[in-house]
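Colleague: For reference, the structure I am asking about is given below.
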Amino acid sequence: MYNQRYHKFDTFYNHKFGFHINGPHPGAFEAIHRVKPKIVKTLDFSVDVFKRMKQESPDTFLIARLFVHPQDFGQLSGGTAQDARKRGVEMAERILREEINQSRNHLNGKPLVDAWESLNEVFPEWSDDNTHKLYNEYQIAFGEKMLSAGFEPLAFNFGQGNGNGPQWLRLYEGTLELYKYLGMHEYDWPTMDRLHNIGLNGPSEPHNLVPGGEGRGNDGMWRCLRYRRVMNSGIRQKYGDKHTVIITECGMTQGVWGGPSLDIGPWAHEVTVPSDIPGGVVSSPIPVDNYWQSLQWYNNELMKDDYVLGACLFVTGATGKPEWDTFEHLGPIMDRIEAFQQIIPIDPNQKTPIPLMDSAAVKPTTPATVIETTPKAKPTSDSSSISELQTAKSATAMPEVASKDKSSRWSYTITHGQGLPLLIMDIGVANETITVFKPDGATERLTSGSKAEYGVGGVETYANVNGVYKIEFLGETFEIPLGGQFTKLVFEPIVDPSSVQVSLSLRDGRDRYGIGEQVFVKIEVTNISPEPVPFGILGLLSDTGNFQTSWDNGLIQAGETFRHEDGMAFNDAGAHTLQLSICFAKKDSCLGGNDEAWVRFEPKLPFTVQ
């Protein structure tokens, strides 16, 4: 999914992988012509090569970085804000003198390079505030100069494991106001989801949970998927859809573990990870299929977030240092990308493409995910409405969502899979008694949380007998028919809609709009309860039956107000309305047909289209 706010693709792929090219390499250029990636980052400025690339694939987004040493953002030349701004302007002027940027090399009146980075992995996030403030001044000066010359700047590009939403809001306000594109690096070892899974399955750390996370452990997202932790910890709450994230480097390296671990990739024959890193010491080189599985998991996650433009695989066409060869993506990985790649259509009435990815070959290392464009949010018009649900399934079937008792305070999601005939359950609460009445007359009492690997309230029991299983806990009773197969049953409480107060207003203070003009709405949702209020999907529902997702996987803390702006265009003249519709359940549950969790809030917001 991609919202195309700033860069409009002519076509869209079922993956977001692009190339990171260090220098001139025939194999990398040949791969560009084979695959026509949607995003390329390069430290090489071969005009003829990239002019040809743009001719063959005009919607490829090209990022460039000029290598400089030392990387002086003002700290080496005085340490003042004035010094930082001066260095930022000097860097921009140096880049603008490059041959690839000259107007004589523009194609169809446009520069070949779509965005320029300034510096790369300059310092860690735990550096002192003054260092960050200097870099903010540097980025502002660099960005302003590049924008004035008709080029987009690309901010940050800190090393993997660095990025802090609250810190950026506090120290980089100028950068966040000026820049559209934010760059991040993401690596892990020996799989791309290793630290993420450790975080999800570890002890509960409420202070580390972020909106958009799964709400368990510490939510993960510390290395790969770090961009979510950064963006959803205040930046998207404040700026909405202003920024597009680009993963300007990604892959696997032993160097994530620091200390004696060398910065070497999956094809290295040497293992340098300390033996006291649990699970970090594995046979190397990594099998190609294992790395491909990691990449497929990562792509499945990237495809969920429309604000992510793409991810550049480091490295495609290794040049320079010998160790870069251990990261090479040409060969078997490139062959797999080419075989996997499909063009998927884009609905012109939507911000996002219709995902048609056949991911039968995907073997995600985390639970199955669902990619969506717009939810089936109680549309009020006929079946031709663009609010129809259009989904793509991951490796396992889409979960069945049900709640048999309409008066129940709980909903549940059932997922069937391969394996032993086990019934896995999670009620989200520990130390509660769960009683299971089985079809053969047996009764089993379980304590929630006894199998914490399945969640905070996880339990496990055999369910090899076909029939109806009656499950009781916390005064609720559910009857679940099972067919002797592996089943996962996840319960979640349905939030009382009276826990929030909703306010909708027209952003521009107008009540009349032209046909096809965006009607922008200011959304405010205040949590008036003493407990956090999670929601899976929040969006605008029109009187014509069209639904548009404005935010997903959100969490509103007690006493806080969620604020966002969104817009919708209308093609028919006359009186129209918009109202807020929220699904107070997990996103997958919302998409799976959990109607009980959807709430439409009154009053509707009226206006006229003429």
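The values are calculated or read from the model by the stated rules, or taken from the named source; none is laboratory data. Everything numeric in this text was worked out from a predicted model, so none of it was measured. Cβ sites come from the backbone with ideal geometry, for glycine too, and all protein chains shown count toward neighbours. Heavy atoms of the whole protein, side chains included, go into the accessibility calculation; ligands, DNA and RNA do not. Shrake-Rupley method; radii C 1.70, N 1.55, O 1.52, S 1.80 Å.
Colleague: At E444 and D543, where each label point lies 7 Å from the Cα along Cα→Cβ, what is the point-to-point distance in nanometres?
Modeller: Result: 5.5 nm between the two label points.
Colleague: Next up: Could you check the simple spin-label distance between L169 and E476, using points 7 Å along Cα→Cβ, in nm with one decimal?
Modeller: Going by the 7 Å Cα→Cβ label model, 3.1 nm.
Colleague: So what J values fall out for the stretch 124-139 if you push phi through Karplus, 6.51 cos²θ - 1.76 cosθ + 1.60 with θ = phi - 60°, rounded to Hz, Gly and Pro as x?
Modeller: x, 5, 7, 5, 5, 4, 5, 4, 4, 5, 4, 5, 4, 4, 4, 5
Colleague: Using a 1.4 angstrom probe on the protein heavy atoms only, line up D10, D595 by accessible area, largest first.
Modeller: My answer, sorted largest first, is D10, D595.
Colleague: Defining a contact as two alpha carbons under 8 Å apart and six or more residues distant in sequence, what relative contact order in percent does the chain show?
Modeller: 11 percent
Colleague: Between the stretch 489-511 and the stretch 444-462, what's the alpha-carbon centroid distance in Å?
Modeller: 32 Å
Colleague: Something else about it: Using only the Cα atoms of the stretch 490-610, build the gyration tensor, take square roots of its eigenvalues as a ≥ b ≥ c, and label the shape rounded, prolate or oblate: rounded if a/c is under 1.5, else prolate if a/b is larger than b/c, else oblate.
Modeller: prolate
Colleague: If a/c stays under 1.5 just call it rounded; otherwise compare a/b with b/c (prolate if a/b is bigger, oblate if not). Do that for the stretch 214-356, with a ≥ b ≥ c from the square roots of the Cα gyration tensor eigenvalues.
Modeller: It comes out oblate by the Cα gyration axes.
Colleague: Could you tell me the calculated FRET efficiency between D276 and Q501, based on Cβ-Cβ distance and R0 = 56 angstrom, to the nearest 0.05?
Modeller: Result of the calculation: an efficiency of 0.65.
Colleague: Students often check this: by mean Cβ neighbours within 10 Å, which of 78-85, 545-552 ranks highest, and how do the rest follow?
Modeller: Ranking the peptides 78-85, 545-552 by packing returns 545-552, 78-85.
Colleague: To the nearest 10 Å², what's L262's accessible area with a 1.4 Å probe?
Modeller: 80 Å²
Colleague: Right, next: On full extension of the chain, what length is gained from E121 through E90, given 0.36 nm per residue of separation minus the C-alpha to C-alpha distance?
Modeller: 9.3 nm
Colleague: Using just the helices of the chain, give the 222 nm mean residue ellipticity in deg cm²/dmol: DSSP H runs with n ≥ 4 each add -39,500 (n - 2.57), and the total is spread over all residues, rounded to 500.
Modeller: Result for the chain, helices only: -5500 deg cm²/dmol.
Colleague: Let me ask something else. Going by a ≥ b ≥ c, the root eigenvalues of the Cα gyration tensor, does the stretch 138-273 fall in the rounded group (a/c under 1.5), the prolate group (a/b larger than b/c) or the oblate group?
Modeller: oblate
Colleague: Place +1 on the Cβ of every Lys and Arg and -1 on the Cβ of every Asp and Glu in the chain, take the dipole about the Cα centre, and give the residue among V456, N22, I63 whose Cα lies farthest towards its positive end.
Modeller: I63
Colleague: Any idea how far the Cα center of the stretch 425-442 sits from the one of the stretch 101-142, in Å?
Modeller: 56 Å
Colleague: May I pose another question? Quick check: pseudo-label points 7 Å beyond the Cα along Cα→Cβ at Q557 and V468, how many nm apart are they?
Modeller: According to this spin-label approximation, the distance is 4.5 nm.
Colleague: Moving on. Could you tell me which residue out of N571, P606, P497 lies farthest along the dipole of the stretch 483-610 toward its positive end? Charges go on the beta carbon: Lys and Arg +1, Asp and Glu -1, centred on the Cα centre.
Modeller: Of the candidates, N571 comes out farthest on the positive side.
Colleague: Let me ask another. For the stretch 525-542 and the stretch 246-306, what is the centre-to-centre distance using only Cα atoms, to the nearest Å?
Modeller: Value for the Cα centre distance between the two parts: 37 Å.
Colleague: P(r) for the chain, please, calculated from all Cα pair distances in 20 Å bins and given in %.
Modeller: Spelled out bin by bin, the chain gives 18, 51, 28, 3, 0 percent.
Colleague: A further question follows. Please tell me the relative contact order of the stretch 94-166 in percent, rounded to the nearest whole number, where contacts are Cα pairs under 8 Å and at least six residues apart.
Modeller: 38 percent
Colleague: Here's something else I'd like to know. Please list V210, V282 in order of solvent-accessible area, largest first, computed with a 1.4 Å probe with all protein chains present.
Modeller: Ranked list, largest accessible area first: V282, V210.
Colleague: Can you run phi through the Karplus equation (6.51, -1.76, 1.60; θ = phi - 60°) for the stretch 253-269 and list ³J(HN,Hα) in whole Hz, with x for Gly and Pro?
Modeller: Values per residue, Gly and Pro as x: 8, 5, x, 4, 8, x, x, x, 5, 7, 7, 10, x, x, 9, 5, 8 Hz.
Colleague: Could you give the length gained by full extension between S148 and E99, i.e. 0.36 nm per residue of separation minus their alpha carbon distance, to one decimal place?
Modeller: Using 0.36 nm per residue and subtracting the Cα-Cα distance, I get 15.8 nm.
Colleague: With Rg and the Kirkwood Rh both taken from Cα atoms, where does Rg over Rh land for the stretch 236-282?
Modeller: Using Cα coordinates only, the ratio equals 1.24.
Colleague: Take every Cα pair under 8 Å in the stretch 204-341 that's 6+ residues apart, average their separations, divide by the length, and report that relative contact order as a whole percent.
Modeller: 21 percent
Colleague: Would you mind counting up the charge near F473? Only other residues with Cβ under 12 Å from its Cβ, with Lys and Arg at +1 and Asp and Glu at -1.
Modeller: Once all neighbours under 12 Å are counted, the net charge is -1.
Colleague: Write down the accessible area per residue of the stretch 1-152 in Å², having rolled a 1.4 Å probe over the full set of protein chains.
Modeller: 42 Å²
Colleague: So which cysteines of the chain have no other cysteine's Cβ under 4.7 Å from theirs?
Modeller: C224, C250, C312
Colleague: Next question, about the same structure. What aspartates and glutamates sit close enough to K321 to cross-link, taking a C-alpha to C-alpha distance under 19 Å and skipping anything fewer than 8 places away on the same chain?
Modeller: Qualifying aspartates and glutamates at Cα under 19 Å: D44, E121, E249, D263, E270.
Colleague: With every protein chain left in place, what is the accessible area of V468 in Å² (1.4 Å probe, nearest 10)?
Modeller: Accessible area, nearest 10 Å²: 80 Å².
Colleague: Next question. Could you report the accessible area of F340 in Å², rounded to 10, computed with a 1.4 Å probe on the protein chains as they sit in the structure?
Modeller: We get 20 Å² for F340.
Colleague: Give the peptides 290-298, 137-145 in descending order of average Cβ contacts within 10 Å, highest first.
Modeller: 137-145, 290-298
Colleague: Quick one: if the Förster radius is 22 Å, what FRET efficiency do V47 and N108 give, using the C-beta to C-beta distance and rounding to 0.05?
Modeller: 0.90
Colleague: Probe radius 1.4 Å, ligands and nucleic acids left out: which of V113, V465 has the largest accessible area, and how do the rest follow?
Modeller: Most to least solvent-accessible, the answer reads V465, V113.
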